[in-house]
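To start, the structure under review is shown below, and the notes come after it.
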Amino acid sequence: MGFNTKQIHSGVTPDPVTGSIVTPIYQTTTYVQDSVDEYLAKGYSYSRSHNPTVRALELKLADLEGGADCTCYGTGMAAINALFLAYLNAGDHCIISDVAYGGTYRLATKIYSRFGVDFSFVDTADPAAVEAAVRDNTALILTETPANPTLKLTDLRAVSDIARPRRIPHAVDNTFLTPYYQRPLELGADLVVHSTTKYFDGHNATIGGAIVAATAEHDEKLRFVQNATGTIMSPQVAFLTLQGCKTLSVRIERQSANALAVAEFLEAHPKVEQVCYPGLESFPQAELARSQATGFGAMLWFEVKGGLAAGKALMDNIELWTLAENLGSVESLITHPVTMTHADVEEAERQRVGIIDGLVRLSVGLEDVEDLVGALRRALD
Ligand SMILES: Cc1ncc(COP(=O)(O)O)c(C=O)c1O
């Protein structure tokens, strides 16, 4: 089946009781058992462990990423937390992309480092740097590509080739491109992490997370953590995310086309210092972008001439583009990572990895592109 068919039908069957085409919200705590001997005959016991609405979403996401199974969580950060809990013990070492969502950095440096886990933030765009960072106790490699917010890419095949012979699980945060454009498991990764808050929901309506596992063994480890720590997604969020998934390809294709037009407009504007979008010829890793993904996504960033002050003035005054955290939704959003999404990343580290003070991040939505460009033109002028 093709992706468009899967995003609508995978994981979902008409409700056996009513025939409802849309999977109902199973708003329940517990499930009657047939007998002590036939405990779990229907697969459900207690909604911290399993819930039919959440399960439908897990099956759909597993199919879309081409994985064996999937676990869903209350937030994208809860998914990354589950990943760390499943794979990292005191004394272990973990490699993370040096540019990644600020919350991932915060979880590693402010929480897991307290429990004796050592982290290296490595330029995963450079496979030799990844290889050099591997230690005997490296227990997990987490890459994020394109990375939030600089859009630096990791060569997923190369990093997977380093991880596999050493039996180090390679997890990829695929939030920015979604399986419609990039499928890390097909490129050799073991696990795919998502903030479903972004493109799977797509409507700024929920917060959620997911991990798709390449094998049942990986999924089992995560499912144990999901249940033991009580971080499963709620059925309402799963319901809304299931609806969002059905239009994922249509939304992200149009949003990406809008993003390219916005990037081209900005690149030609005299008041813009620099623009970064993987679909531009000027993108430093343009070849890699084309070799491991089938699209460029709807995220970009730019810097206004005049740096931080000029950027702030633009963000405070622009119409239509909403100043807010989040990305991937139908509404176009404008974000200042240094004060918003990446505020907890130390300044020296931010400077080192290119999260410059004047970086303005755009999440391009589904509005008419003429309106989006018009608002940017007026704000720049
Ligand atoms: C790439 C990436 N991964 C993970 C997360 C965390 O997801 P959530 O906000 O759903 O906890 C975010 C949030 O912005 C993100 O951008």
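The values are calculated or read from the model by the stated rules, or taken from the named source; none is laboratory data. Everything numeric in this text was worked out from a predicted model, so none of it was measured. A quick note on method: Cβ atoms are made from the backbone with ideal geometry, for glycine too, and the neighbour counts reach across all protein chains shown.
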Residue satisfying condition, being modelled with pLDDT of 95 or more and assigned to a helix (DSSP H, G or I), within set Glu319, Glu287
Glu287
Which of the following residues is β-branched (Val, Ile, Thr) and not in a loop (DSSP other than H, G, I, E, B): Val275, Val338, Val345?
Val275
Restricting attention to the range 53-62, does a residue exist that is over 22 Å from Ala214 (Cβ atoms) and either without any contact (Cβ under 8 Å) to a residue 40 or more places away in the chain or in the same structural domain as Glu217 (by TED's automatic domain parsing) (or both)?
yes
From the residues in the range 179-206 that are among the acidic types (Asp, Glu) and away from the ligand (no atom under 13 Å from the Cβ), which one is farthest from the chain's Cα centre (by Cα)?
Glu186
Qualifying positions in the range 289-340 - out of contact with any strand residue (DSSP E or B) (no Cβ under 9 Å at 6 or more places or on another chain), over 30 Å from Ala189 (Cα atoms) and exposed (fewer than 14 other Cβ atoms within 10 Å of the Cβ)
Ala309, Asn317, Glu319, Thr339
Would you be able to tell me the number of residues in the range 330-359 that are among the small types (Gly, Ala, Ser) and within 15 Å of the ligand (Cβ to nearest atom)?
1
Which of the residues that make up the range 11-52 are closer than 30 Å to Thr294 by Cα and polar (S, T, N, Q)?
Thr13
Scan the range 322-335 residue by residue and report those that are assigned to a loop (DSSP other than H, G, I, E, B) and closer than 20 Å to Leu380 by Cα.
Ala324, Ser332
Residue set Ala79, Ala125; condition small (Gly, Ala, Ser), touching a residue at least 60 places away in the same chain (Cβ under 8 Å), out of contact with any Lys or Arg (no Cβ under 9 Å at 6 or more places or on another chain) and closer than 23 Å to Gln182 by Cα; output residue Ala79
Can you tell me which of (1) assigned by TED's automatic domain parsing to the domain that holds Asp371; (2) part of a helix (DSSP H, G or I); (3) of a type in the set (A, V, I, L, M, F, W, C) is the one Ala238 doesn't meet?
(1)
Sort out which residues of the range 93-111 are within 17 Å of Phe176 (Cα to Cα) and of a type in the set (A, V, I, L, M, F, W, C), and write them in order of number.
Ile96, Val99, Ala100
Quick one: is Val159 under 13 Å from the mean Cα position of the chain (by Cα), outside the structural domain of Ser363 (by TED's automatic domain parsing), at pLDDT 95 or above and of a type outside the set (Lys, Arg)?
no
Among the residues of the range 114-156, which ones are among the small types (Gly, Ala, Ser), under 21 Å from the mean Cα position of the chain (by Cα) and more than 21 Å from Gly91 (Cβ to Cβ)?
Ala125, Ala147
What are the residues in the range 69-116 that are touching a Gly at 6+ places or on another chain (Cβ under 8 Å), away from the ligand (no atom under 14 Å from the Cβ) and of a type in the set (A, V, I, L, M), if any?
Ala90
Return a yes/no flag: does the range 138-152 have any residue that is assigned to a loop (DSSP other than H, G, I, E, B) and away from the ligand (no atom under 16 Å from the Cβ).
no
Is it true that some residue in the range 248-256 is touching a Gly at 6+ places or on another chain (Cβ under 7 Å) and either in a loop (DSSP other than H, G, I, E, B) or of a type in the set (Gly, Ala, Ser) (or both)?
yes
Search result, residues across the range 309-329 that are out of contact with any His (no Cβ under 9 Å at 6 or more places or on another chain) and away from the ligand (no atom under 16 Å from the Cβ)
Ala309, Ala310, Ala313, Leu314, Asp316, Asn317, Ile318, Glu319, Leu320, Trp321
Return yes when Ile168 is more than 10 Å from the ligand (Cβ to nearest atom), assigned to a loop (DSSP other than H, G, I, E, B) and in the same structural domain as Asn81 (by TED's automatic domain parsing) and no when it is not.
yes
Subset of the range 353-381, residues among the acidic types (Asp, Glu) and at pLDDT 95 or above, comes to Glu367, Asp368, Glu370, Asp371
